[in-house]
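Asks: Starting off with a structure, shown below.
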Amino acid sequence: MVPALGLLLTGCYSGLDAFDPIGSGGNPVPEPSGAADDDGGGDGPEASCQAPSVGVTPLRRLTRFEYDNTVRDLLGDDRHLAAARFSPDEANGGYSANAVAPISKTQLDEYATAAEDLAVSFLDAGVGDYVDCPLSDSSCATQFVTKFGRRAFRRPLEMTEVDEYVALYEDARDAWDGATGFRIVVEAMLLSPNFLYHMEARPVGAAETDVLPLGGFEMASRMSYFVWASMPDDELLDAAEAGALDTTEGLEAQVRRMLEDERAGDTIASFTRQWVHLEGLGDKVKDVEIFPEWSAVLAASMEHEALAFADEVIRNGDGRLETLLTAPWTMGDASLAELYQVDAPEGEFGRIDLPPAERAGLLTQLGFLTANAHAAETSWVHRGLFVRQNLLCQVLPAPPAGVDVNDPNDAGRLENPECTGCHLMIDPIGWAFDDYDALGVFVGEGEPGDASGSSVGEFDDIVALAGALAQAPEVQDCVASQWFRYATRRAETSADDCALDDIKTTFGASGHDIRELIVAVATSEAFRYHKASE
C-alpha cells in the first residue's frame, strides 16, 4: 500500500460507530445556542412548538441505491455495482437506512473492491470534465482533488485535506506514474467515510443533545439524497456556499427546481418500491403448475408498472394521493395487459385503461398483489397488514413465538385466543383481496371487508376500500408520515410532533399533492435541524 493511503484509511473503519474523518469542511455550522428548552425540545406531549425540536438523527451510510446513483453522477458509471455486489441494506423507520449496525469486514471489503473497480474505469475513460491538464503535474492533481473532492464529499475540502490527497497522489506518481496517482486518489476518496456516510458536522463544543440547524452543505446533501436519492449537483452546492439554503424561501426554491429534474424520479421509485413492498419481487416463489407464466421477466414488468405509475401520477399528473389510490388505469406492457384481460398499450410500455369495477390504483396492481401473496394462494395477512401498517400507520404486535408467518389462509386463527386480537384487525381486510389471486388476476372470489378501528369501516370490495382510504384522514396523515420516515430514514418521535403537524396541514391544504408534501418535508424544522443523541 502507498504510505499516504495507509494514513488516510488507518482508524477510519474500526466499527465506524465512532471515527474522526479528515476535517469537517463545508459552511460553518451555526454556533450552538444551547439545547432547545424543555417545552420545545423534549419528547413529552407538552411540547409547545416554541423552539426547534427534532428526533435523534443517526449516522448512516449510503444505501445501495444511493451509492449507485452517486457514482453515476460523480463518475458517469451506471453499472449498478452496489446493487449487484453489496450486502443488503438495513432498514430504519421502515426504509433502507444503514444506520443501525457498524460496518463489517465483509462490507468494507465490498467497498474496497468497488472503489478499485470504479477508479480504474474512471481513469481508463479519462477524468471527464474535472481537469484538462497533464496528469503528471502536482498542480493538476491539486485542481482535481479540489474539484472532485467537493463533489465526492458534498462540500469543499479543507486545505489540510487537499494537501494530504495531493501527497497521496505524489507518492503514487513517484512510485508509478501520474495516472496511477489519480486513480489512487479516486479510490481513496471512494473509501472515505466522507463519501460513504451522510456526514453532518457539529460545532466544536456542542453537546450531542443540542438541537442545531444544519450547515449549508449538510442541508444540500440531505435535500439531494431525499429528492434525488443521489449527490447534490453543482448548482445546489453553489447555493449552499452562497448561504441560499439558510432560509425557508431558498430551500423551497431549490426543492421545486429539483422536483423538475429527471432524478426526482429515482426518489419516487425508491419510496414506492419500499412502501408497496416490491423489493425482492423477482425472488417470490410461485406454484408453477398454477402460474406457469410466472418468471423474473414478468416480475420486472410488474415492478416497472408500479414505479412508472407512481412517477406518472406524481411528476406528470395531478400528483394527488387520491389518484395513486383510485386511478382506473396503469402503466404496463403486453404481458401485464394479458393478466389484466385488457388491450395491450400502444408501444412497448404505456398507459393501460382498466375495468373501473375491478381496479383502483396501487392496491389492485399486479405487483402489489403478487408481492403480498403466497406461492399458490392469496394472503389475508400480508395484504390486510399492509393496509393497517402502511396506509393507516397502525402498530400491531409481533406474532407469538413459533408462529409460521408463511402459513396459508386459515379462518381458524380467529378462534385461537393468542391470535384472534390481531387477526380480527387483519383478516377481514384480507378477505376482500381474494377477488385477486396470487398473481393479481381478478377472479371475483372476495368477500365484503371490514376495516374497523378506522374511519373506513365496512366496504364491499377493494375498489370501494381504495376510495374510502383515499378520503380517510388517517390515511392522508399516514402517507405524510411515511414520506417523513423515508426522508429522515427513521421513525418519528414525539419530538417531531410540531413539524409533522405542520407537514400534514400543508399536505391537506394542497389537496393531498405528493409534490407539495415533499416540499413541506424538506423545508420542515425536523428536516433542517439535527440532534445527535438524547
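The values are calculated or read from the model by the stated rules, or taken from the named source; none is laboratory data. A quick note: this is a predicted structure, and the numbers were derived from the prediction, not measured. Ideal geometry is used to build each Cβ from the backbone, glycine not excepted, and the neighbour counts take in all protein chains shown. Remember, those area values only see protein heavy atoms, side chains included, never the ligands or the DNA or RNA. Shrake-Rupley method; radii C 1.70, N 1.55, O 1.52, S 1.80 Å.
Asks: To the nearest 20 debye, what charge dipole does the chain have about its Cα centre, counting +1 at the Cβ of each Lys and Arg and -1 at the Cβ of each Asp and Glu? Could you put the intermediate results ahead of the total?
Replies: On the way: 36 positive and 93 negative charges, 162 e Å.
Once rounded to the nearest 20, the dipole reads 780 debye.
Asks: Can I ask one more? Relative to the longest principal Cα axis of the chain, at what angle does helix 473-488 sit, 0 to 90 degrees, rounded to 10?
Replies: Roughly 20 degrees between the two axes.
Asks: Which GluC sites (Glu not before Pro) in the stretch 43-139 pass both tests, a DSSP loop state and at most 11 other beta-carbon atoms within 10 Å?
Replies: On the way: sites: Glu46, Glu66, Glu90, Glu110, Glu116; in loops: Glu46, Glu90.
When the GluC sites (Glu not before Pro) of the stretch 43-139 are filtered for loop state and at most 11 Cβ neighbours within 10 Å, Glu46 remain.
Asks: Tabulate in residue order the Karplus-calculated ³J(HN,Hα) for the stretch 315-325, using 6.51 cos²θ - 1.76 cosθ + 1.60 with θ = phi - 60°, rounded to whole Hz; enter x for Gly and Pro.
Replies: After applying 6.51 cos²θ - 1.76 cosθ + 1.60, I find 8, 10, x, 7, x, 8, 4, 4, 5, 4, 9 Hz.
Asks: Return the Rg/Rh value of the stretch 307-370, two decimal places, where both radii are evaluated on C-alpha atoms and Rh is the Kirkwood radius.
Replies: Numbers: Rg = 10.9 Å, Rh = 11.7 Å.
Here the Rg-to-Rh quotient is 0.93.
Asks: Positive end of the charge dipole of the chain (Lys, Arg +1 and Asp, Glu -1 on Cβ, about the Cα centre): tell me which of Gly280, Gly215, Ser295 has its Cα farthest that way.
Replies: Farthest along the dipole direction, towards plus: Gly215.
Asks: Add +1 for every Lys or Arg and -1 for every Asp or Glu among the other residues with Cβ under 13 Å from the Cβ of Ser121, and state the total.
Replies: Values: positive: Arg72, Arg79, Arg183; negative: Asp77, Asp78, Glu116, Asp117, Asp124, Glu187.
Residues close to Ser121 contribute a combined charge of -3.
Asks: If I ignore ligands, DNA and RNA and count only protein heavy atoms, how much of His277 is accessible to a 1.4 Å probe, in Å² to the nearest 10?
Replies: Only protein atoms counted, so the area is about 70 Å².
Asks: Which of the GluC sites (Glu not before Pro) across the stretch 219-282 are loop residues per DSSP, with 13 or fewer other Cβ within 10 Å? All intermediate terms of the calculation are to be shown ahead of the outcome.
Replies: Details: sites: Glu235, Glu241, Glu249, Glu252, Glu260, Glu262, Glu279; in loops: Glu260, Glu262, Glu279.
The qualifying sites are Glu260, Glu262.
Asks: For helix 264-275, report the angle its Cα long axis makes with the longest principal axis of the Cα atoms of the chain; keep it between 0 and 90° and round to the nearest 10°.
Replies: Its long axis makes an angle of about 50 degrees.
Asks: Also: Using the Cβ atoms and a cut-off under 9 Å, what net charge is assigned to the surroundings of Ala344, where Lys and Arg are +1 and Asp and Glu are -1?
Replies: Working: positive: none; negative: Asp333, Glu338, Asp343, Glu346.
That sum, taken over residues with Cβ under 9 Å, equals -4.
Asks: While we're looking at this one, here's another question. Sort Ser455, Ser96, Ser295 from largest to smallest accessible area, using a 1.4 Å probe on the heavy atoms of the protein chains.
Replies: Values: Ser455 75, Ser96 15, Ser295 45 Å².
Solvent-accessible surface, decreasing: Ser455, Ser295, Ser96.
Asks: Using only the Cα atoms of the stretch 272-332, build the gyration tensor, take square roots of its eigenvalues as a ≥ b ≥ c, and label the shape rounded, prolate or oblate: rounded if a/c is under 1.5, else prolate if a/b is larger than b/c, else oblate.
Replies: Prolate shape, in that a/c is at least 1.5 and a/b is the bigger ratio.
Asks: Then there is this: Work out the charge dipole of the stretch 340-409 with +1 on the Cβ of Lys and Arg and -1 on the Cβ of Asp and Glu about the Cα centre, then indicate which of Gly367, Pro355, Trp380 is farthest towards its positive end.
Replies: Comparing the listed Cα positions along the dipole, Trp380 ranks first.
Asks: By how many degrees, 0 to 90 and rounded to 10, does the Cα axis of helix 420-430 deviate from the longest principal axis of the chain?
Replies: On a 0 to 90 degree scale, this one is about 80.
Asks: So, one more: In sequence order, what are the phi-derived ³J(HN,Hα) couplings for the stretch 337-347 according to the Karplus relation 6.51 cos²θ - 1.76 cosθ + 1.60 with θ = phi - 60°, rounded to whole Hz, with x for glycine and proline?
Replies: The phi angles translate into 4, 5, 5, 6, 6, 9, 5, 5, x, 6, x Hz.
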